[in-house]
Every structure is written in C-alpha cells, then in structure tokens.
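First comes the structure, then the notes that go with it.
The values are calculated or read from the model by the stated rules, or taken from the named source; none is laboratory data. In this text the structure is predicted, and so the values were computed from the model without any measurement. Glycine also receives a Cβ, built like all others from the backbone with ideal geometry; neighbour counts cover every protein chain displayed.
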Amino acid sequence: MIGKLKSLVVLSALFSCLVIPATSQATLVFTRNPLKPTVYVAKNNGSAARKVGSGSNPRISPDGQTVAFYRFGQGKQPSQLMVASTSGGAPRQLASGWQEPFVFAWSPDSSRIAVELGPEVGKRRLVVIDVATGVQQTIASGYFGGVSFAPQGSDQLAFAMSASESFPPRSDIYRIDLLPPGAVSVAAVEPRRLTSDHRSTSPLWGPNEQIVFVKHLGEKSRKYGPKNDLFLMKEDGSGVKRLTHTKVGPLLSGLSPTEWSANGRRLLTEFGGQDTTYAVTVNPRTGTEKTLTKEREVGFVGTALSADGKVVLGSLGGFEPGPGHKVVSIPYTGGKPRVLVNNASEPDWNR
C-alpha cells in the first residue's frame with residue numbers, strides 16, 4: 001500500500017459549523033475472531049467499532065468511504081473480494097476467485113482496485129476493477145508478486161510478474177498506463193518491462209517519481225533460498241540503486257516494502273521469514289534501518305504508515321492472527337505502543 005492522503009471535503013462556508021457525522025471518522029478497519037474472522041470498522045483511535053461482515057484482510061480506501069476484504073470460499077464456491085461502505089449497509093461481492101490477498105492495491109482516488117483473480121492452481125489474471133460498476137480490465141496473465149498504483153492518480157500501475165511458479169520466482173517488474181473506465185474502441189496498452197534480471201518483485205510506487213522494490217540475492221550461495229534487499233529506481237526503470245544491505249540469517253527472507261509517507265522521506269517495511277515477522281523503518285535516502293520491536297516471532301507486525309510518516313499502525317502478537325492480538329500504533333521513531341483495539345489483528349487505516 002502507498003502512503004495514503006486523507007481527503008477533506010469542503011461543502012461551503014454556509015455549512016462550516018455543522019457537525020460532521022461520526023462515520024466520517026471511521027478510518028480504521030481490523031479483524032476479530034480468527035476461527036470465524038469478522039471485519040470491523042472504527043474511528044482511527046479504535047472507538048465506535050462496528051461489525052462489517054464475515055471475512056479477513058480488510059483494506060480501507062484512501063478516502064475512508066469503502067472497505068474491501070477477503071471472504072474465504074466454501075465448497076465449490078471460490079474466494080471472494082467483498083466491499084462495503086464504512087457508513088453502513090450490507091457488503092457486496094465485487095469479484096470472485098481472489099487469490100493471494102497480499103497482491104492488492106487501492107487507486108489513490110478510491111475508484112479502482114487491483115487484485116489477482118483465478119484458480120488455486122495455475123496461471124491467474126491481474127485485473128483492475130472499477131468499484132462502482134464492477135467492470136474488470138485484465139492487465140496480464142501469469143504469476144504475480146505485488147502490485148501498486150502510482151501515487152498521483154489511478155491510471156498508472158506497477159506490478160511484478162513471472163511466467164512460472166518456480167522458486168525462487170523468475171520475476172520482473174512491469175509498468176502499464178491503464179485505459180480510462182468505460183473506454184471503448186481503444187487499443188489495449190501493453191505492459192512495459194522495467195527490470196530484466198528475473199529476480200525483482202514487490203514494487204511499491206512512491207512519491208518523488210521513484211519505486212522501491214525487492215531483489216532476490218544470493219540464490220546460489222544461500223542454502224535455503226535467496227534473501228531480500230530493497231532497491232530504488234525511477235518510474236521509467238532507470239537509475240536503479242541498492243537501498244539496504246540487510247543481514248538475513250538462514251530460513252529468513254528479509255525486507256519487503258509496506259508503505260511510503262506522503263513526502264517520500266519515510267518508508268515502512270516488514271522483515272519476514274520462517275516463524276518471523278516484524279516491522280522495520282528504512283530511511284529512503286541512506287538505507288538506515290530501525291527495528292520497532294525486540295520480539296521476532298510474536299512482536300509488532302506493521303501494516304500501515306500515516307500519511308505524515310509519524311505513526312505506524314500494526315498489531316502485537318505475531319503474524320498468525322489470534323484472540324490475544326492487539327491493534328496498536330507506534331511512533332515511527334520508536335516508542336511505547338498505544339493500544340487501539342484489544343483482541344484484534346490485520347488493521348488498516350487511511351490516517
């Protein structure tokens with residue numbers, strides 16, 4: 001997810017003294033009850049929580065008006081991409097066959113969602129869906145390792161794709177200019193390859209015309225698989241430079257980008273691997289890393305960064321959701337967690 005800018009709706013001077021409804025502050029979403037996961041929405045301080053519906057992996061739109069979430073399939077029914085208004089009302093299915101919930105992105109104007117659809121086994125489609133109409137635009141077919149909209153609009157997309165399911169994935173990063181919703185009699189635009197090393201993945205399009213992404217390193221020298229390090233490049237694929245030099249032990253994978261601040265001066269990442277996940281901040285200019293937790297298996301999982309880069313949202317209790325998890329916020333520079341919601345995990349916000 002790219003760093004989100006909170007929208008401010010100005011009606012007119014005539015209405016400036018009216019009280020804004022509480023639902024307009026419902027910018028935090030999270031999951032409870034891991035055995036039968038349920039999505040909730042609340043104000044960004046955790047108060048006034050309200051049930052949305054059964055599901056998991058909730059993602060709130062940049063304007064705070066819509067929550068998208070994953071609903072696990074049952075029997076022959078495939079998994080579903082659901083959406084619901086944060087102001088109330090029943091959820092509706094936006095797409096069927098949503099795979100790999102980590103391959104997901106809201107457009108900055110909240111009008112589109114990019115996801116991976118298809119069967120559990122075999123090639124899948126990367127699609128962009130118009131939230132209002134449900135119309136799908138297929139971007140590519142293959143195996144995907146992340147997707148991100150450009151922060152300045154909803155018409156540019158970066159994604160990672162490989163042609164097979166081999167491990168390590170022989171993945172590269174692509175960019176595409178999207179057709180406007182409802183476009184007819186317009187030739188489809190082909191994706192443009194930005195990398196050609198077959199080991200680049202997880203792009204996160206940020207401010208200042210740059211993309212941070214992962215390169216798999218040490219495929220031949222490491223016994224249990226390559227490690228991740230972060231690299232930067234310009235939007236056209238030029239100017240590639242290494243950002244981090246992270247020490248990564250056996251059975252661990254390393255860093256993956258989570259979110260930029262709006263000014264591009266702060267970056268939230270997650271360090272992962274076997275039985276390990278915890279939030280790490282990275283200076284995009286120097287590559288300096290700072291871990292936000294001392295625990296490695298049940299520590300702080302960072303899920304979002306405030307637009308001003310001052311506060312990190314996440315959960316305590318480790319990667320696997322559990323009844324004892326807590327949704328918390330921690331200053332980007334480090335400090336004591338502030339508990340927002342007890343017995344909850346998988347948080348997101350548009351703060």
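What to note about this one:
- Here S329, S253 are screened, and the one residue that is surrounded by 14 or more Cβ atoms within 10 Å (Cβ to Cβ) and free of Cβ contacts under 8 Å to residues at least 24 places away in the same chain is S329.
- Qualifying residue in the stretch 87-103 (condition: surrounded by fewer than 21 Cβ atoms within 10 Å (Cβ to Cβ), touching a helix residue (DSSP H, G or I) at 6+ places or on another chain (Cβ under 8 Å) and not charged (D, E, K, R)): yes
- The residues on offer are S166, S196, and the sole one that is over 29 Å from T291 (Cβ atoms), free of Cβ contacts under 8 Å to residues at least 12 places away in the same chain and surrounded by fewer than 18 Cβ atoms within 10 Å (Cβ to Cβ) is S166.
- Qualifying residues in the stretch 164-177 (those that are at pLDDT below 90 and of a type outside the set (S, T, Y)) - the one nearest to the chain's Cα centre (by Cα): P169
- Condition met for T291 (closer than 23 Å to F102 by Cα and more than 16 Å from the chain's Cα centre (by Cα)): yes
- The residue that is surrounded by the most Cβ atoms within 10 Å (Cβ to Cβ), among those in the stretch 133-162 that are modelled with pLDDT under 90 and small (G, A, S), is S154.
- Failed criterion for G64 (all others in (1) surrounded by fewer than 16 Cβ atoms within 10 Å (Cβ to Cβ); (2) at positive phi hold): (1)
- Members of the stretch 273-310 found to be surrounded by fewer than 20 Cβ atoms within 10 Å (Cβ to Cβ), outside any loop (DSSP other than H, G, I, E, B) and touching a residue at least 24 places away in the same chain (Cβ under 8 Å), listed by number: G273, T276, E289, K290
- Some residue of the stretch 9-23 being among the hydroxyl-bearing types (S, T, Y), modelled with pLDDT under 95 and surrounded by fewer than 14 Cβ atoms within 10 Å (Cβ to Cβ): yes
- Wholly within the stretch 86-166, strands (runs of 3 or more DSSP E) carrying at least 1 residues that are of a type in the set (F, W, Y) and closer than 17 Å to G206 by Cα: 98-106, 136-149, 156-162
- For the stretch 332-351, the set of residues classified as buried (at least 23 other Cβ atoms within 10 Å of the Cβ), of a type in the set (G, A, S) and farther than 11 Å from F30 by Cα is empty.
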